[in-house]
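Remarks on the structure that follows.
Values quoted throughout were computed directly from the atomic coordinates according to the rules given, and no laboratory measurement underlies them. Remember, it's a predicted structure, so these values are computed and weren't measured experimentally. Positions of Cβ are generated from backbone atoms using ideal geometry, with glycine treated the same way; all protein chains shown enter the neighbour counts.
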Amino acid sequence: KGQKSDSRGALIVLEGLDRSGKTSQSAKLASFLAEKGFSVESWRFPDRKTCVGEMISLYLLNKSQLDDQTIHLLFSANRWEKRSLMETKLRSGVTLVVDRYSYSGVAFSAAKGLDIQWCKAPEMGLLAPDLVLYLDIPPEKAAERGDYGVERYEQLDFQRKVAHHYKILCDETWKIVDGCLPMEAVEKQLREFTLECVSKCQRGEPLSQLWL
Ligand code: NYM
């Protein structure tokens, strides 16, 4: 108490169904912040470049079989292996724009029928995002958008269940943005929420942990 927290970067997460536009919007958001002079990095989960990430990638491409609990824990381990770097970056003033995080972890595994509390447990103690930008799009709309069905999970029935579980996870750090709006309109809303959050973190909002 009484100790003034230092200025830091913001942890900003984009979430949404497959084909909701997260990946393009994360990239645009990160370049916008960079142009504004903020120090920013674009991250994504799964990070397929680590050893754990390679196992995840093989599973997603249907080149390996793992049971639901095992792949769930690998996704979580893939976030844990990045936790300390994430904290170092944030404390050194870098804002991280992250495409998917623990909410994807829980929503996708719970959609398979795993218990939500069981799914949340391994995520406890990871850094809590300062802002979650949820690109809201009806599963039917997402299915129309692209070459759906290439990877595991990209099926309409399954995405409906994922959407249901995302709604359960929504808390006060979430901003729901209508992903069916024109790209520029989505971009504008994401920018506004983000700038507000980045200044809050610059003023010294303390870092917190997920789901403890
Ligand atoms: N996914 C992603 C999970 O099932 N659990 C997780 O923890 C994460 C981060 O992996 N269909 C799923 C969601 C996606 C797939 O993500 C790969 P992307 O954004 O398509 O690379």
> In terms of modelled amide H atoms, which long-range or inter-chain residues lie less than 5 Å from the amide H of TRP43?
Replying inline: VAL97, VAL98, ASP99
> What ³J(HN,Hα) values, in whole Hz, does the Karplus curve 6.51 cos²θ - 1.76 cosθ + 1.60 give for the range 179-186 when θ = phi - 60°, with x put for Gly and Pro?
Replying inline: x, 8, 5, x, 3, 5, 5, 4
> Separation between the SER84 and GLU192 pseudo-spin-labels, each 7 Å from Cα along Cα→Cβ, expressed in nm?
Replying inline: 4.1 nm
> Taking K and R as +1 and D and E as -1, what net charge do the other residues with C-beta under 12 Å from the C-beta of VAL177 add up to?
Replying inline: -1
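Provide the gained length on full extension for the span CYS180 to ARG160, in nm with one decimal, where the gain is 0.36 nm per separating residue minus the Cα-Cα distance.
Additional length available on full extension: 5.6 nm.
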> Tell me, in nm to one decimal, what length is gained between SER199 and SER24 on full extension, where the rule is 0.36 nm per residue of separation less the Cα-Cα distance?
Replying inline: 60.6 nm
> Once amide H atoms are built 1.01 Å from N in the peptide plane, which residues 5 or more positions from TRP174, or in another chain, come under 5 Å H to H?
Replying inline: VAL132
> So what's the angle, to the nearest 10 degrees on a 0 to 90 scale, between helix 51-60 and the longest Cα principal axis of the chain?
Replying inline: 40 degrees
>> Report the gain in length on full extension from GLU41 to ILE116: 0.36 nm times residue separation, minus Cα-Cα distance, nm rounded to one decimal.
In response: 24.0 nm
>> I'd like the GluC sites (Glu not before Pro) in the range 38-132 restricted to DSSP loop residues with at most 15 other Cβ atoms within 10 Å, sorted by number.
In response: GLU81
> For the chain, what is the largest minus smallest coordinate of the Cα atoms on each principal axis, given in angstrom and ordered from greatest to least?
Replying inline: 49, 36, 30
> For the peptides 19-25, 9-15, what is the packing order when you average, over each peptide's residues, the other Cβ atoms within 10 Å and list the highest mean first?
Replying inline: 9-15, 19-25
> Under the classification rounded if a/c is under 1.5, otherwise prolate if a/b is larger than b/c and oblate if not, where does the range 135-192 fall, given a ≥ b ≥ c as square roots of the Cα gyration tensor eigenvalues?
Replying inline: oblate
> How many lysine pairs in the range 31-172, separated by 8 or more positions in sequence or lying on different chains, have Cα atoms less than 29 Å apart?
Replying inline: 27
>> Shape verdict for the range 159-212, please, from the Cα gyration tensor: rounded (a/c under 1.5), prolate (a/b greater than b/c) or oblate.
In response: oblate
> Relative to the longest principal Cα axis of the chain, at what angle does helix 156-169 sit, 0 to 90 degrees, rounded to 10?
Replying inline: 30 degrees
